[in-house]
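Asks: Encoded as structure tokens, here's the structure I'll be asking about.
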Amino acid sequence: MALFEMTDAFGVVRPCYAEVQRWVDEVGIEGLRGRLKEAETIFRRIGITFAVYGEGGDPERLIPFDLLPRIFAADEWRTLDRGIRQRARALNAFLYDVYHRGEIIRAGIVPADLIYRNRAFEPEMIGFDPPGRVYSHIVGIDIIRTAEGGFQVLEDNCRTPSGVSYMLENRETMQRMFPELFGSVRIAPVDSYPNDLLATLKEVAPAGACGDPTVVVLTPGAFNSAYYEHSFLADMMGVELVEPMDLYVDDDRVWMKTTRGPKRVDVIYRRIDDDYLDPLTFRPDSMLGVPGLFGAYRAGGVTLCSAPGAGIADDKAIYLFVPEMIRFYLSEQPILQNVPTWRCALPDECAYVLEHLHELVAKEVHGSGGYGMLIGPRATRAEIDAYADRIRANPTEFIAQPTLDLSTAPVLGAKEIVGRHVDFRPYCLVGKEMRLSPGGLTRVALTEGSLVVNSSQGGGVKDTWVLED
Amino acid sequence: MLSRTAENIFWMARYIERAESTARLIQMGQRMTILPGPIHREEWRSVLRVTGCDALIEAGRSVSEADIVRLLLLDEKNPSSIRSCMMRARGNGRAVRTALTQDMWEALNDDWRRLESYDTTRARRDLPELLDWVKTRASTLRGAAETGQLRNEGHDFLRIGGALERAEMTLRLLDVKYYVLLPETSVVGGGRDHYQWTSVLHALSAARAYLHVHGGGSYTPWRIADLLILNRQFPRSVSFCFGQIGWHLDRLAEAHGGRKAAHDTVAMMRSELRDRENGEIFEEGLHEFVQNALSITNRLSREIAQAYHFG
């Protein structure tokens with residue numbers, strides 16, 4: 001039985017959900033379903049959509065929104081807050097280390113092959129010191145909860161984790177629609193996130209920037225699935241949203257083309273993959289990108305957030321070593337545990353995985369977004385056999401984890417409140433200081449029993465409340 | 001402001017204005033076809049010509065309302081159709097979301113796929129409602145900008161794009177229909193026609209304005225031409241639109257500290273319009289005047305693009 005977060009072991013509603021339960025009783029399920037329609041109309045009109053291309057149907061799909069908040073009590077959040085910050089510190093320390101002396105490899109903790117032969121490792125970054133020694137400025141950590149294990153980290157996102165706009169918009173929508181609810185519960189606010197993000201980005205401006213640094217958000221363009229978020233963040237920070245063609249490099253400095261002529265750019269919050277940043281450095285065949293951008297970065301003319309090569313820290317093969325990193329760099333014990341993971345690169349573990357594939361979740365090391373994974377218990381014999389063949393052909397590319405009994409949160413069903421599996425992604429900001437909004441994005445698998453919460457595969461979102469003492 | 005942003009806003013304003021003008025033209029055409037007499041039969045042809053779509057139906061074939069609805073309202077392959085214009089306006093807006101207010105974006109985004117589901121038959125049935133919807137989208141966007149948008153460069157480019165498109169539409173209409181306004185002696189296309197004159201006014205929603213400006217009563221070609229070209233109170237007159245373009249270009253010049261070729265072109269056009277009396281325009285030839293003004297409008301669009309580093 002999955003842990004249902006709304007009630008305790010005896011089926012009694014937990015104190016943190018008491019007010020919501022009272023509200024549901026008062027408005028009634030019928031009433032709430034009517035309000036849900038209203039919320040969807042608001043989302044559609046505002047344009048909070050998620051583009052999924054190449055699958056037919058609506059090119060700008062809505063992410064389903066559930067009205068019932070997912071709630072963390074104050075003490076639960078205190079643990080999460082400490083654990084998340086600790087992890088973000090360790091990941092940045094690791095990134096500095098692997099692009100410098102590689103102490104963790106010399107100490108025999110992480111195998112050298114796993115780093116230096118990893119596609120996510122960026123040799124161009126070796127020996128370079130990014131401002132503040134920060135590589136990953138926005139760390140999104142995916143956290144799940146199980147009855148046995150409590151909170152556990154499923155994966156880290158050190159490049160450009162998306163979804164934070166839903167954290168803000170979900171809260172905004174809830175406040176707009178249910179002001180009465182917010183009057184009776186003390187919920188920690190998350191609305192300072194855009195300010196915090198801007199402060200973080202300015203803190204890592206290159207030393208040569210004079211005066212107030214100019215920050216921009218770099219988007220691949222309106223057809224990117226997360227474009228709404230890019231424009232939302234630029235808007236909320238009051239900075240320009242630029243595309244690669246708006247920028248050029250001259251004399252190791254970056255300029256944007258404006259109606260008044262060129263304007264200097266100091267910090268780029270880029271929502272573009274490493275591969276498409278700079279055709280001169282990364283992918284000569286790419287038509288995207290800003291030629292010379294990486295050179296300007298290395299010369300200290302501009303700061304890229306996140307740093308190229310930061311992806312080595314959120315690689316699924318590296319994930320296994322994060323608890324070790326925490327001990328190694330911070331001399332602390334990990335507050336948040338990893339999910340048990342088998343590496344198919346190791347023959348013993350690979351054999352175990354192949355034997356137990358029907359009860360495990362297997363993933364590609366470099367995959368993301370829930371694509372390319374196998375959920376053993378839900379797969380057919382043929383699917384399992386086919387996946388096993390792929391693992392045998394290329395074992396280093398796969399890991400496996402037990403099928404986790406993710407906790408469930410209350411969701412508005414057709415006739416009653418039902419439990420659906422959820423995960424959670426907080427966004428930790430790392431500049432000179434570390435900043436963490438009390439909240440994050442709760443994704444929910446809206447289909448009964450489903451464990452896949454990715455928005456590209458039919459998952460929904462809900463507001464996440466952290467209660468204050 | 002990013003040049004790309006300025007360019008997108010400029011074109012967004014033009015496309016939404018164009019969609020609205022086309023909706024007005026279709027309403028005018030519908031009005032004309034229900035009038036008696038053979039002279040109005042070719043009204044749909046002139047609507048095609050004003051929108052620059054004349055070539056889509058071979059010369060000599062008569063153009064029906066169904067043709068117009070298909071080509072000018074629904075056809076996504078025709079870049080001048082209302083559907084294309086609205087899609088492009090939305091595309092331009094979406095590319096510069098941060099330069100629009102929430103309300104402006106909602107005006108572009110609300111029900112944006114509405115025309116996709118229509119075929120010609122159903123669209124003809126719902127035509128009045130659909131055309132009103134198009135006009136409402138344009139009005140809502142303008143209204144949202146009026147009361148919500150920062151008076152920064154973005155607003156200037158929005159207003160310049162809108163005014164330029166309006167001037168051009170008025171000129172194109174005059175270019176196609178100038179002959180109905182010629183003095184009686186030199187009429188090209190048949191007898192003097194009250195309905196023809198008012199159709200020009202209706203196409204620009206200027207019928208009531210005409211009555212107010214000229215104290216009601218009789219229609220004369222030179223008064224109509226005067227209202228549409230020289231009048232400085234009527235917002236679709238060439239003079240008014242160039243006044244607006246000039247005002248906003250001056251604001252840009254002040255903010256940027258520099259005047260460009262576009263500024264000279266507008267100043268030249270404004271002084272010409274100011275010094276003219278409409279009698280003179282008729283003497284020199286209405287058609288020549290309109291053609292010349294159209295080429296100046298096109299040149300101005302290019303000069304603005306150059307001055308502010310568009311693509």
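The values are calculated or read from the model by the stated rules, or taken from the named source; none is laboratory data. All values derive from a computational prediction rather than experimental measurement. With ideal geometry, Cβ positions are generated from the backbone for all residues, glycine too; neighbour counts draw on all protein chains shown.
Asks: Is it the case, given these coordinates, that B:PHE242 is away from every other protein chain (no Cβ under 14 Å), among the aromatic types (Phe, Trp, Tyr), within 30 Å of B:LEU2 (Cα to Cα) and crowded, with 18+ Cβ neighbours inside 10 Å?
Replies: Judged against the criteria, B:PHE242 is a match.
Asks: Considering only region B:48-71, state which residues are surrounded by 17 or more Cβ atoms within 10 Å (Cβ to Cβ) and under 30 Å from B:HIS155 (Cβ atoms).
Replies: Correct list: B:VAL50, B:THR51.
Asks: Scan A:VAL217, A:VAL185 and give me the residue that is under 30 Å from A:VAL265 (Cα atoms), touching a residue at least 24 places away in the same chain (Cβ under 8 Å) and of a type in the set (A, V, I, L, M, F, W, C).
Replies: A:VAL217
Asks: Now for a different question. Collect the residues in region B:111-123 that are surrounded by fewer than 17 Cβ atoms within 10 Å (Cβ to Cβ) and either in contact (Cβ under 8 Å) with a residue 40 or more places away in the chain or part of a helix (DSSP H, G or I) (or both), keeping them in residue-number order.
Replies: Across region B:111-123, the qualifying residues are B:ARG114, B:GLU116, B:SER117, B:ASP119, B:THR121, B:ARG122.
Asks: Under the condition of being among the small types (Gly, Ala, Ser) and away from every other protein chain (no Cβ under 14 Å), which residue from region B:58-97 is nearest to B:LEU141 (Cα to Cα)?
Replies: B:SER84
Asks: Is it true that some residue in region A:433-448 is touching an Asp or Glu at 6+ places or on another chain (Cβ under 6 Å), buried (at least 20 other Cβ atoms within 10 Å of the Cβ) and closer than 22 Å to A:ASP315 by Cβ?
Replies: Checked against the condition, which is being touching an Asp or Glu at 6+ places or on another chain (Cβ under 6 Å), buried (at least 20 other Cβ atoms within 10 Å of the Cβ) and closer than 22 Å to A:ASP315 by Cβ, region A:433-448 yields at least one hit.
Asks: Across region A:221-253, which residue is surrounded by the fewest Cβ atoms within 10 Å (Cβ to Cβ) among those that are out of contact with any Leu (no Cβ under 7 Å at 6 or more places or on another chain) and of a type in the set (Asp, Glu)?
Replies: A:ASP251
Asks: Tell me whether region A:308-318 contains one or more residues that are modelled with pLDDT of 95 or more and over 20 Å from the mean Cα position of the chain (by Cα).
Replies: No; the residues of region A:308-318 include none that is modelled with pLDDT of 95 or more and over 20 Å from the mean Cα position of the chain (by Cα).
Asks: Let me ask something else about it. Please determine, by comparing only the residues of region B:124-147 that are among the β-branched types (Val, Ile, Thr) and closer than 20 Å to B:GLU165 by Cα, which one is surrounded by the fewest Cβ atoms within 10 Å (Cβ to Cβ).
Replies: So the residue we want is B:THR136.
Asks: Would a scan of region B:91-107 turn up a residue that is outside the structural domain of B:THR170 (by TED's automatic domain parsing), part of a helix (DSSP H, G or I), surrounded by fewer than 21 Cβ atoms within 10 Å (Cβ to Cβ) and of a type in the set (A, V, I, L, M, F, W, C)?
Replies: Checked against the condition, which is being outside the structural domain of B:THR170 (by TED's automatic domain parsing), part of a helix (DSSP H, G or I), surrounded by fewer than 21 Cβ atoms within 10 Å (Cβ to Cβ) and of a type in the set (A, V, I, L, M, F, W, C), region B:91-107 yields no hits at all.
Asks: Next up: Among the residues of region A:303-320, is any under 30 Å from B:THR101 (Cβ atoms), within 14 Å of another protein chain (Cβ to nearest Cβ) and not acidic (Asp, Glu)?
Replies: Scanning region A:303-320 turns up no residue that is under 30 Å from B:THR101 (Cβ atoms), within 14 Å of another protein chain (Cβ to nearest Cβ) and not acidic (Asp, Glu).
Asks: Within region A:217-232, which residues are at the interface with another protein chain (Cβ under 9 Å from one of its Cβ atoms) and either over 18 Å from the mean Cα position of the chain (by Cα) or within 21 Å of A:LYS263 (Cα to Cα) (or both)?
Replies: Across region A:217-232, the qualifying residues are A:VAL217, A:GLY221, A:ALA222, A:HIS230, A:SER231.
Asks: List the helices (runs of 4 or more DSSP H) inside region A:108-226, counting only whole elements, that have at least 2 residues being hydroxyl-bearing (Ser, Thr, Tyr).
Replies: A:164-177, A:193-203
Matching residues to (1) more than 15 Å from the chain's Cα centre (by Cα); (2) at pLDDT below 95:
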residue: B:LEU130; (1), (2): yes, no
residue: B:LEU141; (1), (2): yes, no
residue: B:ASN152; (1), (2): yes, yes
residue: B:LEU158; (1), (2): no, no
residue: B:GLY162; (1), (2): no, no
residue: B:ARG166; (1), (2): no, no
residue: B:ASP175; (1), (2): no, yes
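Asks: Please specify each residue of region A:434-469 satisfying the condition of being in a loop (DSSP other than H, G, I, E, B) and of a type in the set (Asp, Glu).
Replies: Listed by number, the residues that qualify are A:GLU448, A:GLU468, A:ASP469.
Asks: OK, next. Can you say whether B:GLY37 is among the small types (Gly, Ala, Ser) and either modelled with pLDDT of 95 or more or under 30 Å from A:HIS230 (Cα atoms) (or both), as far as the supplied structure shows?
Replies: So B:GLY37 does not fit the description; no.
Asks: Across region B:67-82, what is the total count of residues that are under 16 Å from the mean Cα position of the chain (by Cα) and of a type outside the set (Gly, Ala, Ser)?
Replies: 4
Asks: Considering only region B:30-45, I want to know if a residue exists there that is among the charged types (D, E, K, R) and either touching a Lys or Arg at 6+ places or on another chain (Cβ under 7 Å) or outside any helix (DSSP H, G or I) (or both).
Replies: yes
Asks: Within region A:251-273, which residues are part of a strand (DSSP E or B) and without any contact (Cβ under 8 Å) to a residue 24 or more places away in the chain?
Replies: Passing the criteria: A:TRP255, A:LYS257, A:THR258, A:GLY261, A:PRO262.
Asks: Where in region B:197-311 are there helices (runs of 4 or more DSSP H), lying fully within it, with 3 or more residues that are closer than 30 Å to A:VAL242 by Cα and within 19 Å of the chain's Cα centre (by Cα)?
Replies: The qualifying helices (runs of 4 or more DSSP H) are B:238-256, B:286-307.
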